[in-house]
Amino acid sequence: MSKPFTPKVVTANALLEGDVIYLTKDDQWSRSLKDAEVIEDEAHGDLRVLFGQSQRNDVVGVYLIDVTVTENGPEPTHFREEFRTKGPSNYNHGKQAELA
Amino acid sequence: MYQYNSFDRDFLAERNAQFRAQVERRIDGSLTEDEFKPLRLMNGLYLQLHAYMLRVAIPYGTLNGEQMDTLAMIADKWDKGYGHFTTRQNIQYNWPELRDVPDMLDALGEVGMHAIQTSGNTIRNVTSDHFAGAAADEIEDPRPTAELLRQWSTDHPEFQFLPRKFKIAVTGSPNDRAVTKAHDIGLRMVRNDAGEPGYEVIVGGGLGRTPMIGKVLRDFLPKADLLPYAEAIVSVYNLLGRRDNKYKARIKITVHENGIDTIRDLVEQRFELLRPQFGGVDQEMLKNIEAQFTAPDFLTSSVAPFKDAYHHDPVFRSWVDTNIEKHRNDDYAIVSISIKKQGQTPGDATSEQMRVMAEIAREFAHNELRISHEQNVILPHVHKSHLPEIHARLKAVELATANIGLISDIIACPGMDYCALATARSIPVAQQIATRFDELKLEHDIGELKIKISGCINACGHHHVGHIGILGLDRAGVENYQITLGGDHTETAEVGQRAGPGFAYDEIVPAIERIIDTYLDLRTDADEPFITAYRRLGMAPFKAALYPEVKADAA
Ligand code: SF4
């Protein structure tokens with residue numbers, strides 16, 4: 001048996017601001033990971049990445065990240081992606097400031 | 001200092017207009033990201049973790065007050081009110097928006113600055129000794145050489161698509177403050193037996209994945225032969241350098257695989273062909289450039305106010321003892337302004353701090369500033385009588401930290417707080433080490449010590465050549481920090497030795513503390529610096545302190 005699929009979210013950076021964004025169920029891009037569509041199977045994940053990449057005038061660098069689903073919504077499993085949900089640790093800049 | 005001529009300015013204006021059109025075409029969808037990315041990189045624009053980043057070159061680290069003011073203005077108008085000075089003598093803006101970048105570049109162009117050749121497989125911003133033109137130990141000011149190389153390499157038709165990026169550093173002193181042995185080409189000014197100035201030419205140095213100390217290609221190259229010889233090196237590399245594997249593409253690997261003697265033969269052959277083609281044009285260029293790097297009109301007033309303040313004010317005295325370097329004129333001093341107050345981000349300056357430094361430079365320092373590869377700002381020419389006033393003004397904006405060369409004067413790359421390539425953070429590690437030793441009040445007792453931190457194997461933080469080097473890695477999804485000891489970035493350059501297994505994020509500061517405790521215990525006296533003690537003692541006692549459980553097992 002293949003190993004179980006880890007839930008995923010499609011992420012990218014916004015073309016104009018460079019800001020981290022996540023793909024939602026209704027084909028929008030959100031600044032907040034909470035709004036992201038959680039992808040539960042691989043084939044659907046591939047489709048969503050293709051959709052993301054087709055949005056080439058709005059977004060840059062589309063890829064999938066691993067998440068765990070918690071009561072607060074999806075949370076990244078890797079520290080790099082966790083930093084991307086917040087911003088840098090040396091200043092209160094980026095998402096931690098904007099979404100606060 | 002060097003003034004851009006109308007050719008340079010027209011060239012910049014044209015490049016900026018081109019890039020503005022490219023940005024518009026990207027935004028309206030006529031360019032894809034695949035098409036646009038190489039274009040933006042050529043103009044210094046990167047996409048990082050949280051935003052774009054604009055990297056601006058400060059050629060050989062030299063700038064004047066107006067340029068510094070412009071950097072401050074850009075930080076306020078299009079960024080978040082600060083900039084980050086890097087080990088490559090660049091400044092990076094971490095939060096620009098794509099639409100604003102052409103305006104930022106135009107503003108830079110107005111003061112003769114740009115972001116060209118800060119990326120791509122070209123000859124990058126030429127770096128140099130930050131004390132150039134001022135140091136007491138200098139043979140000649142290396143900046144005319146650096147400027148000549150800049151003019152020759154900028155948009156050089158043959159060298160826009162090298163196998164990999166190419167970095168050149170020049171130092172005008174036998175004491176190497178430009179880390180020349182860790183560059184693709186390093187030039188160290190020396191004299192031959194007849195007393196004429198020339199260069200020791202070093203090739204194939206570099207840090208990163210495969211750290212190597214450069215090898216001497218020529219003991220002595222007459223000054224007049226520089227450009228044909230440099231062109232010979234780069235064209236031999238252009239042909240021989242590997243393009244099949246990005247990790248084997250730098251000239252250090254070419255030298256390593258072919259052997260220094262083969263490279264030398266090829267370079268000399270090529271040089272013989274090229275030399276007649278230069279026909280003295282380069283020497284004309286150099287003469288014009290040199291004329292623009294004349295020394296300032298040094299003042300000849302009394303230094304009594306300095307002596308007085310030094311005698312009476314202990315805070316000022318400590319700052320002078322730590323941050324001032326000997327100038328070639330006895331009445332003058334070289335001031336290193338620390339932009340590394342303990343707990344702050346190494347290399348960051350706010351727009352207000354930039355403006356204060358610009359103002360000081362104009363009023364008291366012949367309008368000259370430098371950025372060092374150690375991520376500090378230098379006032380190269382200060383009459384000693386002005387030191388008390390300068391110190392007071394710096395203090396008012398938290399720029400008077402007396403820590404140059406000490407444990408909190410840490411080089412740290414942006415790491416995973418910004419950089420998309422990072423495998424771990426470096427900034428908070430630097431902040432915590434600096435804060436910790438400041439609390440312990442041990443900094444001055446420890447004395448000279450270079451800690452250098454990189455957030456990945458690319459080694460922008462020069463960790464290999466730190467007395468203590470720290471490399472942040474991703475080990476199975478957690479940050480892990482590897483320690484190297486005994487590195488040296490000077491003319492006696494050496495790559496540090498790995499101490500052993502890495503440390504978790506919350507273990508790295510205690511680990512550094514154990515190294516320092518061991519040094520303080522074992523040094524012969526307070527005059528034996530860390531690096532000397534390490535060379536005498538070797539790795540063993542430090543290893544034992546770092547990994548006590550291993551020692552216990554062996555016992
Ligand atoms: S060393 Fe790595 S993490 Fe640090 S700035 Fe360079 S590429 Fe980024």
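What the table below lists for this structure:
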read-out: Selection count where residues are of a type in the set (Asp, Glu) and touching a residue at least 12 places away in the same chain (Cβ under 8 Å), scope the range A:42-89; value: 5
read-out: Some residue of the range A:11-26 being open to solvent by less than 10 Å² (accessible area, probe 1.4 Å), modelled with pLDDT of 95 or more and of a type in the set (Phe, Trp, Tyr); value: yes
read-out: Of all residues in the range B:269-307 being open to solvent by less than 90 Å² (accessible area, probe 1.4 Å) and among the charged types (D, E, K, R), the one that is farthest from the chain's Cα centre (by Cα); value: B:270
read-out: Residue count, the range A:47-78 (criterion: open to solvent by less than 20 Å² (accessible area, probe 1.4 Å), among the hydrophobic types (A, V, I, L, M, F, W, C) and either within 12 Å of another protein chain (Cβ to nearest Cβ) or more than 15 Å from residue A:6 (Cα to Cα) (or both)); value: 2
read-out: Qualifying residue in the range B:393-410 (condition: open to solvent by less than 10 Å² (accessible area, probe 1.4 Å), closer than 22 Å to residue B:457 by Cα and touching a helix residue (DSSP H, G or I) at 6+ places or on another chain (Cβ under 8 Å)); value: yes
read-out: Test: residue in the range B:457-467 that is open to solvent by 20 Å² or more (accessible area, probe 1.4 Å) and away from the ligand (no atom under 15 Å from the Cβ); value: no
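Quick grid of which residues meet (1) touching a residue at least 12 places away in the same chain (Cβ under 8 Å); (2) assigned to a helix (DSSP H, G or I); (3) outside the structural domain of residue B:58 (by TED's automatic domain parsing); (4) in contact with a strand residue (DSSP E or B) (Cβ under 7 Å, 6 or more places away or on another chain):
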residue: B:336; (1), (2), (3), (4): yes, no, yes, yes
residue: B:344; (1), (2), (3), (4): yes, no, yes, no
residue: B:358; (1), (2), (3), (4): yes, yes, yes, no
residue: B:370; (1), (2), (3), (4): yes, no, yes, yes
residue: B:378; (1), (2), (3), (4): yes, no, yes, yes
residue: B:405; (1), (2), (3), (4): yes, no, yes, no
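Yes or no, residue by residue, for (1) within 14 Å of chain A (Cβ to nearest Cβ); (2) farther than 30 Å from residue B:471 by Cα; (3) within 16 Å of the ligand (Cβ to nearest atom):
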residue	(1), (2), (3)
B:365	no, yes, no
B:376	no, no, no
B:379	no, yes, no
B:387	no, yes, no
B:403	no, no, no
B:412	yes, no, yes
B:424	yes, no, yes
B:427	yes, no, yes
B:435	yes, no, no
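The values are calculated or read from the model by the stated rules, or taken from the named source; none is laboratory data. Computed from a predicted model, the values in this text were never measured in an experiment. Cβ atoms come from the backbone with ideal geometry, glycine included; neighbour counts cover every protein chain shown. To get the accessible areas, we keep the full protein, side chains included, count just its heavy atoms, and leave off ligands, DNA and RNA. Shrake-Rupley method; radii C 1.70, N 1.55, O 1.52, S 1.80 Å.
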